[in-house]
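Data first, discussion second: the structure below is written as structure tokens.
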């Protein structure tokens with residue numbers, strides 16, 4: 001019997017408020033380093049640990065505009081259309097149910113992983129998933145933190161070790177983002193030029209709709 005190919009699917013969520021060139025470069029570089037069959041990008045709707053930002057339809061549109069040129073990316077709007085808070089655990093369970101025969105890997109930055117113990121039912125979440133942590137030089141993982149202890153217990157050295165098992169963590173070094181969404185919002189609110197940090201269509205949408213003023 002012919003062996004069925006299991007797809008390797010990455011899941012990458014983000015507040016993307018707004019999505020900027022740093023996000024795009026991370027995704028492009030990541031896809032060069034890890035051979036995925038698909039990358040599901042999920043703009044957060046109402047993340048419970050962050051203040052609510054702009055209109056969610058605009059956030060979704062900006063994400064689509066910024067990433068439409070990347071062939072393997074699929075923009076998933078499930079958290080945008082949810083009225084309730086968005087939790088990683090429930091999102092991952094939904095995705096796993098929709099892709100029961102595939103290997104799903106949750107991707108997050110070291111800044112998010114450093115605060116993993118603040119996530120809703122984080123221990124249950126970690127029991128469900130494999131993680132790829134994108135290491136930012138400015139956001140090291142402290143050895144005596146919950147995240148640091150998890151890393152010591154679960155770290156693997158290759159993406160192949162993430163297949164057909166769970167609870168494993170792979171670290172991946174990436175080029176650092178030199179700008180944050182918060183800094184971009186602050187610059188827009190003070191009438192500074194942010195065009196070099198944003199996709200051309202995203203920049204035009206922000207100007208057209210007077211976002212972040």
Helices (runs of 4 or more DSSP H) contained in segment 87-176 and holding at least 1 residues over 23 Å from residue 29 (Cβ atoms): 88-98, 122-128, 146-154
Which residue pairs have Cβ atoms under 6 Å apart, sit 6 or more places apart or on different chains, and have a first residue in segment 30-59 that is on the phi < 0 side of the Ramachandran plot and modelled with pLDDT of 95 or more and a second that is part of a helix (DSSP H, G or I) and surrounded by fewer than 16 Cβ atoms within 10 Å (Cβ to Cβ)? none
Pull up segment 135-159, narrow it to residues that are closer than 20 Å to residue 9 by Cβ and at pLDDT below 95, then point me to the one that is surrounded by the most Cβ atoms within 10 Å (Cβ to Cβ). 159
So is residue 107 touching a residue at least 40 places away in the same chain (Cβ under 8 Å), under 20 Å from residue 36 (Cα atoms) and surrounded by 15 or more Cβ atoms within 10 Å (Cβ to Cβ) or not? yes
Tell me yes or no: at least one residue of segment 146-166 is in contact (Cβ under 8 Å) with a residue 40 or more places away in the chain and farther than 27 Å from residue 36 by Cα. no
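The values are calculated or read from the model by the stated rules, or taken from the named source; none is laboratory data. These numbers were taken from a predicted model, which means no experiment stands behind them. For neighbour counting, all protein chains shown are included, and Cβ atoms are generated from backbone atoms with ideal geometry for every residue, glycine included.
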